[in-house]
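The values are calculated or read from the model by the stated rules, or taken from the named source; none is laboratory data. Values in this document were obtained by computation on a predicted structure and should not be read as measured data. Every residue, glycine as well, gets a Cβ built from its backbone with ideal geometry; the counts of neighbours run over all protein chains shown. When the accessible area is computed, the model is the full protein with side chains, heavy atoms only, and any ligands, DNA or RNA have been set aside. Shrake-Rupley method; radii C 1.70, N 1.55, O 1.52, S 1.80 Å.
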Amino acid sequence: MSVAEDFGGRSVREQVTAAEWQARVDLAATYRLVAHYGWDDLIFTHISMRVPGEDECFLINPYGMTFDEITASSLVKIDLDGNIVMPTDYMVNPAGFTIHSAVHSAGADAHCVIHTHSDDGVAVSAQADGLLPLSQTAMIVLGDIAYHGYEGIALDLDERERLIADLGTKHCMILRNHGLLTTGATCADAFLRLFFLERACTMQIRALSGGVKLNMPDQGVPEKTADQGKFGTHAGIGNLSWPALLRTLDRKDRSFRD
């Protein structure tokens, strides 16, 4: 059976609402963008999107597909208990379910959740001081970052309570010795937060590897910059860049829309 069809031969698009189909296209695009920027990790890590109008259900990647082959139809629909609610040939990553079900169940505006294991993101997550105000990019996101201590591979469901508590009202999280996580009301918002956080981590790793004395901003400047960026309070932050990002994907490979 194709992942694009159910047992009756109907396409996924024919089975879902227009709002869910748009969410599927946006989520598939987010997977492709993470792969485009090199932040994927083979078939591991995950991005999810709450199903519009179905708060108890969200979409996540089929475990076994790389991010650059995810399509709108191939995404797996599951509920907050981990039950697959539409026919598919695939299972979901158990660790992905633990992390994403936690955030979706707790965050009213956490409709999209992105988790990565990028080289620089993991490197910063292993540094005791976490993200430093070494760049404008870092200072923009600093005020919206939470931290969560490493507890092992996220297979224990009781970790969800601690993860939710640590995230609080923030939209970005550094998972210690593990990776990065961002949330947003839309895929566009979550992705732009990830873009800034990933680049801030890369800039930090490069700055620290330079072997020279670092220039730290004056007192109060990081807070001022964070307030100017308003990543934690401004809804729709990703709207300006999202159409351009979709055009980039369309020029490269439009199959994410299938």
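Points to keep in mind about this one:
- Residue in the range 34-41 that is open to solvent by 50 Å² or more (accessible area, probe 1.4 Å), free of Cβ contacts under 8 Å to residues at least 12 places away in the same chain and among the charged types (D, E, K, R) present: no
- Residue selected from the range 54-72 under the condition more than 13 Å from Gly96 (Cβ to Cβ) and part of a strand (DSSP E or B), by the criterion least open to solvent (accessible area, probe 1.4 Å): Cys57
- Listed conditions (1) touching a residue at least 60 places away in the same chain (Cβ under 8 Å); (2) under 19 Å from Asp40 (Cα atoms); (3) open to solvent by 20 Å² or more (accessible area, probe 1.4 Å) are all met by Thr183, apart from (3).
- Within the range 147-168, being open to solvent by 20 Å² or more (accessible area, probe 1.4 Å) and part of a strand (DSSP E or B) holds for one residue alone: Tyr147.
- Residue within the range 58-74 that is at pLDDT 95 or above and aromatic (Phe, Trp, Tyr) present: yes
- Of residues in the range 208-241 being within 23 Å of Thr186 (Cβ to Cβ) and touching a Leu at 6+ places or on another chain (Cβ under 8 Å), the one surrounded by the fewest Cβ atoms within 10 Å (Cβ to Cβ): Ser241
- Scanning the range 42-53 for residues that are surrounded by fewer than 17 Cβ atoms within 10 Å (Cβ to Cβ) and under 14 Å from Gln22 (Cα atoms) yields a count of 2.
- Counting only residues that are open to solvent by less than 40 Å² (accessible area, probe 1.4 Å) and out of contact with any His (no Cβ under 7 Å at 6 or more places or on another chain), the range 133-146 holds 9 of them.
- Criterion applied to Thr30, Thr98, Thr88 was being touching a residue at least 40 places away in the same chain (Cβ under 8 Å), outside any loop (DSSP other than H, G, I, E, B) and surrounded by fewer than 22 Cβ atoms within 10 Å (Cβ to Cβ), and the one residue passing it is Thr98.
- Taken together, the residues in the range 169-178 that are more than 15 Å from Ala138 (Cα to Cα) and either crowded, with 21+ Cβ neighbours inside 10 Å or of a type in the set (A, V, I, L, M) (or both) amount to 2.
- Matching residues in the range 101-131 - criterion: being surrounded by fewer than 21 Cβ atoms within 10 Å (Cβ to Cβ), of a type in the set (A, V, I, L, M, F, W, C) and in contact with a helix residue (DSSP H, G or I) (Cβ under 7 Å, 6 or more places away or on another chain): Ala106, Ala123
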